[in-house]
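Undergrad: What follows is a single structure, and I will ask about it in a moment.
The numbers here are math on the coordinates, done by the rules we state, and not lab data. What you see is a predicted model; the values in this text were computed from it and never measured. All Cβ positions, glycine included, derive from the backbone under ideal geometry; neighbour counts span all protein chains shown.
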Amino acid sequence: MSRFQELGENRLVVLQQLTSSQELCKALHYDDGNYLDKPDIEDTSELISNKIFPYGHVPKLADTASSYLTFSFKDYRPVKNSFKSGLLHFQIIVHKDLISTDYEMLRYDHILVCIDELFNENRELGIGKLEFYRMDEMFVNEKYVGFYLQYKLWDFK
């Protein structure tokens, strides 16, 4: 069996987890400062490849203000010939005009919280629990700001 057989399955699990959170989906979908007060998104799967990308980049950032979330699996390495470890890597990208909200939180901070609630100590991927690894700002461009968030995962070889 391939060492990376489970990557495709894991990608689907992550997509399902992300689209299960109405708060997260609203933060990405609605451009208003009061996005949580907007109607629930009936078909959150429509956000896939429009606002949520199951790979490490946004194909084209919109000229109009928008928010995006990407994720990928990175830095896989062997551990003691029986296991491998890797990182689940998220990128939160928000247009500067959408950072402020009507709530006590900045939009990208709220997205970070939603992701952490879904994935910290999650047991859906690999063996054991996902472990928070790190979070930091990242440069996108003059219109968009971003953060990345990483969780360590473990699996059998």
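Undergrad: Please give me, ordered by residue number, the trypsin sites (Lys or Arg not before Pro) of the stretch 89-125 that lie in loop per DSSP and have at most 16 other Cβ atoms within 10 Å. Working shown, then result.
TA: Details: sites: K96, R107, R123; in loops: R123.
Taking the stretch 89-125 and a limit of 16 other Cβ atoms within 10 Å, the loop trypsin sites (Lys or Arg not before Pro) found are R123.
Undergrad: Using the alpha-carbon centroid of each, what span in Å lies between the stretch 46-78 and the stretch 100-157?
TA: If you average the Cα positions of each part, the centres end up 13 Å apart.
Undergrad: Another question, if that's okay. Under a straight-distance cross-link criterion of Cα-Cα below 18 Å, which lysines are reachable from K129, leaving out those fewer than 8 residues away in the same chain?
TA: K74, K84, K152, K157
Undergrad: Where does helix 107-119 land angle-wise versus the long Cα axis of the chain, in degrees 0 to 90, nearest 10?
TA: Once rounded, one gets 30 degrees.
Undergrad: Karplus couplings for the stretch 131-139 from phi (6.51 cos²θ - 1.76 cosθ + 1.60, θ = phi - 60°), rounded to Hz, Gly and Pro as x?
TA: 10, 4, 10, 6, 8, 6, 6, 9, 7
Undergrad: Then there's this: For the chain, what does the relative contact order come out to in percent, with C-alpha contacts under 8 Å and a separation of six or more?
TA: 22
Undergrad: Arranged by the count of other C-beta atoms within 10 angstrom, fewest first, what order do V94, V145 take? Could the numbers behind the result be given before it?
TA: Values: V94 24, V145 20.
Least to most surrounded, the residues fall as V145, V94.
Undergrad: Another question, if that's okay. Which of the trypsin sites (Lys or Arg not before Pro) found in the stretch 1-73 are in a DSSP loop and have at most 12 neighbouring Cβ atoms, other than their own, within 10 Å? Mind dumping the intermediate values first?
TA: On the way: sites: R3, R11, K26, K51, K60; in loops: R3, K51, K60.
Filter output for the stretch 1-73: R3, K60.
Undergrad: Okay, moving on. Please return the longest range in the chain lying between exposed loop sites, taking chymotrypsin sites (Phe, Trp or Tyr not before Pro), DSSP loop only, at most 15 other beta-carbon atoms within 10 Å, and leaving the sites out. Could you put the intermediate results ahead of the total?
TA: Numbers: sites that count: F4, Y55, Y103.
Result, exposed sites excluded: 104-157.
Undergrad: Further question on the same structure: What range in the chain is the longest one free of GluC sites (Glu not before Pro) that are in a loop by DSSP and have at most 15 other Cβ atoms within 10 angstrom? Let's see the in-between values first.
TA: Working: sites that count: E42, E104, E121, E124, E142.
Free of exposed loop sites, the longest segment is 43-103.
Undergrad: Separate question: Using Cα-Cα distances under 8 Å and only pairs 6 or more residues apart, what relative contact order does the stretch 107-157 have, in percent?
TA: Working: 65 pairs, mean separation 17.4, N = 51.
Computed over the stretch 107-157, the figure is 34 percent.
Undergrad: Have a look at the DSSP beta bridges in the stretch 29-131 and tell me what percent are antiparallel, nearest 5. Present the calculation step by step, with values, prior to reporting the outcome.
TA: Numbers: 11 of 14 bridges.
Bridges in the stretch 29-131 that DSSP calls antiparallel: roughly 80 percent.
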